[in-house]
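Derivation of every value follows stated rules applied to the coordinates shown; laboratory data play no part. Everything numeric here is computed off the predicted structure, so don't read it as measured data. Glycine also receives a Cβ, built like all others from the backbone with ideal geometry; neighbour counts cover every protein chain displayed.
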Amino acid sequence: MNAVLPPKQDGVYYAVVTDRFYTSIQSALQLLKRNVYSVGTIQTNKKGFPPVVQEKSKRPKDIPRRTTKSIVAKSVPQMSAMV
């Protein structure tokens, strides 16, 4: 990351949008340490994804609109997800 990101500066923040192939919990945490916010879809079968958030049942045929939950990580309060 040192080769592509500028050094961390106080008061300067960035945002990066990634697709599900490149997004992981580990990369999001590394970016957050450098004041870079990561936006993207994370595959639930990737290493490091919290099992407490994973859906155990199959997706229903009909999903009612506006049925999302907001989840905030206890260990990293700046990290949140919409499920």
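Any residue that is at positive phi and surrounded by 10 or more Cβ atoms within 10 Å (Cβ to Cβ) - is there at least one of those in the range 10-27?
no
Can you tell me how many residues within the range 14-70 are hydrophobic (A, V, I, L, M, F, W, C) and assigned to a loop (DSSP other than H, G, I, E, B)?
So the answer is 6.
Are any residues in the range 33-72 in contact with a strand residue (DSSP E or B) (Cβ under 7 Å, 6 or more places away or on another chain) and surrounded by 10 or more Cβ atoms within 10 Å (Cβ to Cβ), and if so, which ones?
Those that are in contact with a strand residue (DSSP E or B) (Cβ under 7 Å, 6 or more places away or on another chain) and surrounded by 10 or more Cβ atoms within 10 Å (Cβ to Cβ): Asn35, Val36, Tyr37, Ser38, Val39, Gly40, Val53, Ile71, Val72.
Looking at the range 16-30, I want the residues that are within 15 Å of Asn45 (Cβ to Cβ) and have a partner that is crowded, with 17+ Cβ neighbours inside 10 Å and aliphatic (A, V, I, L, M) with Cβ atoms under 9 Å, at least 6 apart or on another chain. Which pairs are those?
Short answer, once both residue conditions are applied: Arg20/Ile42; Thr23/Ile42; Ser24/Ile42; Ile25/Ile42.
Suppose we filter the range 12-35 for residues that are among the β-branched types (Val, Ile, Thr) and in contact with a Lys or Arg (Cβ under 9 Å, 6 or more places away or on another chain); how many remain?
So the answer is 2.
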